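A.B. asks: After the structure tokens below, expect a handful of questions from me.
The values are calculated or read from the model by the stated rules, or taken from the named source; none is laboratory data. Note that this is a predicted model, so its numbers are computed, not measured. For neighbour counting, all protein chains shown are included, and Cβ atoms are generated from backbone atoms with ideal geometry for every residue, glycine included. Accessible surface areas use protein heavy atoms only, side chains included; no ligands, DNA or RNA. Shrake-Rupley method; radii C 1.70, N 1.55, O 1.52, S 1.80 Å.
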Amino acid sequence: MTDHDAEPYDLAVVGAGPAGLAAAGVAARAGLRVALLDAGPRIGGQYLRRPARPDPPPRGAPAAMLARLRDALGDARVLLGHRVWAVEPGPDGDGFAVHCLTGREERARTIVATRLLIATGAYDRVLPFPGWDLPGVMTAGGVQALLKGDLVVAGRRVVVAGTGPFLLPVAASLAAAGTTVAGVFEAGGRLALAPQALVRPGKAVEALGYGCRLLRHRVPYKGGRAVVAAHGDGGGLTHVTVAKVDAHWRPRPGGHETVECDTLAVGYGFTPQLDLPAQLGCAMAADAVGGPVVRVDRRMRTSVAGVYAAGETTGVGGADLAEIEGVIAGRAVVADTMDMPAAGASMDIRVRVRRLRLAGFARALLRAYPVRDGWMSWLRDDTLVCRCEEVPYGRLKEARDLGASDARSIKLLARPGMGRCQGRICGEAVARLAGAGPAPLRRPIAQPVRLGDLAEMDERTPDDDT
Ligand SMILES: Cc1cc2nc3c(=O)[nH]c(=O)nc-3n(C[C@H](O)[C@H](O)[C@H](O)COP(=O)(O)OP(=O)(O)OC[C@H]3O[C@@H](n4cnc5c(N)ncnc54)[C@H](O)[C@@H]3O)c2cc1C
């Protein structure tokens, strides 16, 4: 039985990370009725994740940011443990219906709001390689989330690999937690970060701090190297093959080494979580390296009237940028609700300048750590590309030989992306293997849901891409 909240809210915010928290606080303090929903058990999202028990003493920049955002939430109604699986225009085209599943029993609940802000963040970008399906191979974000949220170290001897500045805090936290970090292997150049650091000296100091921690724990950091294969026995991962790679990430002849480890934390940056804005038909744009993001105007309004987006759904850029975008979106919602366009237009110039500065830095970072096509040369015919449906690379090549020239045709012939994750993990790799850029898939259902709950929804015929 679906539980409908009687009174519509002025604003429903999906995602209680830095962006959603900031927006909900601004709107609630201006007197709007705000519902803030998150699938997780605590507010904070990814960057501000912390263990439930014991509650750690507030320390450092993330704790200060969390305290500030929590204290500023005002009367916003916080609905944790609410997994939003669909959003659609409300009854009679008025506002929006936000369909969630909540509690252990996964009770269906629908929240109705006049305006909607989507701040669902991002998830790890994954590339396939031989052995990536072995137990012990994890995403860098997953390893970090386990450590921060559950105080669990993923393994005893860990290799950290991939590309991007996020590898540094992951390796530094693992080393500080007592794990042996056998090496950090950055596929891009070692100094990719250096020119960008000059633009934000604070970030240079942060990176230096991670570097010192790695030095103290004698963790080797090597650029121009990638984990091209993982190997194991019945018990899981035992070692990885690390190759020296050229500027395109193709292995250089003879430049291979074997590194023993029981865990591999691998990450190639982040991909914005776009299911909900895609459901509503929000227009998309390309980020600095061609990845899909929600298109927003200067006030974080999407192309669909009444829908706003903030944080990493509009481009991966870190917690500070997510927070400032949340502030701008919250103020825009207030101005639009109170029908005061002038208030929105004259938004604090300092806030706008700060956003521009942070967004510029984020773009520079994305350009400094692009994913290069050479990773495709790491694949063998038997390397699984889609783990849910167990589709090996060889079957994708067969589909291409049969004439499939785009990701959708390959999907129809070879079935990658047809399993439980619906292409969230393999979708980008399949698109790149098809020679196309990554594009957001339109999924009418963002989270697994029971047929009974689906049957209770009003009849509608969403576009099904599967
Ligand atoms: C796994 C992971 C770990 C990370 N760890 C760090 C780190 O340690 N340090 C760092 O600087 N950066 C980290 N990042 C980067 C981080 O995402 C950003 O810097 C920052 O948290 C972005 O803020 P945000 O508000 O845009 O999104 P997030 O902080 O990601 O918050 C989004 C929120 O939306 C919720 N959500 C998503 N979909 C739904 C749905 N359908 N229904 C209900 N709720 C939903 C999520 O539960 C989450 O709480 C990590 C990213 C990931 C993916």
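A.B. asks: Could you work out the per residue convex hull volume over the alpha carbons of segment 157-291, in cubic angstrom?
C.D. replies: Value for segment 157-291: 159 Å³ per residue.
A.B. asks: Follow-up. Around L264, under 12 Å between beta carbons, what's the net of Lys plus Arg minus Asp minus Glu among the other residues?
C.D. replies: Once all neighbours under 12 Å are counted, the net charge is -2.
A.B. asks: If you put +1 on each Lys and Arg Cβ and -1 on each Asp and Glu Cβ, how big is the dipole of the chain around its Cα centre, in Debye rounded to 20?
C.D. replies: That gives the chain a dipole magnitude of about 1980 debye.
A.B. asks: Next question. Largest first, how would L402, L151, L134, L11 line up by accessible area (1.4 Å probe)?
C.D. replies: L402, L151, L134, L11
A.B. asks: Also, I was wondering about something else. Compute the semi-axes of the equivalent ellipsoid of the chain, taking the square root of 5 times each eigenvalue of the Cα gyration tensor, and list them largest first in whole Å.
C.D. replies: That gives 36, 27, 21 Å for the three semi-axes.
A.B. asks: Pulled fully out, how much extra length does the chain show between L80 and A283, if you take 0.36 nm times their separation in residues and subtract their Cα-Cα distance?
C.D. replies: This chain segment gains 70.2 nm when fully extended.
A.B. asks: What does the charge count around R49 come to, taking other residues whose C-beta lies under 10 Å from its C-beta (Lys +1, Arg +1, Asp -1, Glu -1)?
C.D. replies: +2
A.B. asks: Among V78, A61, P41, whose Cα lies farthest out toward the positive end of the dipole of segment 38-114, if unit charges sit on the beta carbon of Lys, Arg (+1) and Asp, Glu (-1)?
C.D. replies: Selected residue: A61.
A.B. asks: For segment 345-446, what is the convex hull (Cα atoms) projected area averaged across all directions, in square nanometres?
C.D. replies: Here the figure is 9.3 nm², rounded to one decimal.
A.B. asks: While we're on this one: So if each residue of separation counts as 0.36 nm, and I subtract the Cα-Cα distance between V353 and R59, what length gain in nm does that give?
C.D. replies: 103.0 nm
A.B. asks: Something else: Which distance in nm do the two modelled labels at M340 and L208 give, with both placed 7 Å along the Cα-to-Cβ direction?
C.D. replies: The two pseudo-label positions are separated by 4.4 nm.
A.B. asks: While we're here: With +1 on the Cβ of every Lys and Arg and -1 on the Cβ of every Asp and Glu, and nothing else charged, how large is the dipole of segment 178-309 about its Cα centre, in debye rounded to the nearest 20?
C.D. replies: 600
A.B. asks: Something else about it: Taking a temperature of 25 °C and a viscosity of 0.890 mPa s, what whole-number D in µm²/s does Stokes-Einstein yield for segment 56-107 with Rh from Kirkwood over alpha carbon pairs?
C.D. replies: The Stokes-Einstein estimate is 175 µm²/s.
A.B. asks: OK, next. Please work out, to two decimal places, the log10 of the ratio I(q)/I(0) at q = 0.15, 0.24 Å⁻¹ from a Debye calculation in which every Cα of segment 43-135 carries one identical scatterer.
C.D. replies: The Debye formula, applied to the Cα set alone, gives -0.89, -1.26.
A.B. asks: Okay, moving on. Within the chain, which cysteines find no other Cys whose Cβ is under 4.7 angstrom from their own?
C.D. replies: When partners are defined as cysteine Cβ atoms under 4.7 Å apart, the chain leaves C100, C212, C261, C282, C388, C421 without one.
A.B. asks: If you put +1 on each Lys and Arg Cβ and -1 on each Asp and Glu Cβ, how big is the dipole of segment 14-154 around its Cα centre, in Debye rounded to 20?
C.D. replies: With Lys and Arg at +1 and Asp and Glu at -1, about 500 debye.
A.B. asks: Further, regarding this structure: Full-extension gain between R450 and R157, please, as 0.36 nm times their residue separation minus the C-alpha to C-alpha distance.
C.D. replies: Fully extending the segment from R450 to R157 adds 101.5 nm.
A.B. asks: Can I ask one more? Quick one: ranking E106, E312, E260, E456 by accessible area, 1.4 Å probe, largest first, what do you get?
C.D. replies: Of E106, E312, E260, E456, the descending order of accessible area is E260, E456, E106, E312.
A.B. asks: Under a cut-off of 21 Å between alpha-carbon atoms, report the lysines in cross-link reach of K244, not counting same-chain residues fewer than 8 places apart.
C.D. replies: K244 reaches K222.
A.B. asks: Which one of L276, P251, A288 is farthest out on the positive end of the charge dipole of segment 248-298, using unit charges on Cβ (Lys, Arg +1; Asp, Glu -1) and the Cα centre as origin?
C.D. replies: The residue sitting farthest along the positive end of the dipole is A288.
A.B. asks: Could you tally the net charge around V371, taking each other residue with its Cβ under 10 Å from the Cβ of V371, Lys/Arg +1 and Asp/Glu -1?
C.D. replies: Around V371, the surrounding residues sum to +1.
A.B. asks: Let me ask another. Largest first and in whole Å, give the semi-axes of segment 283-344's equivalent ellipsoid, each being the square root of 5 times a Cα gyration tensor eigenvalue.
C.D. replies: Semi-axes (√(5λ), whole Å): 22, 13, 7.
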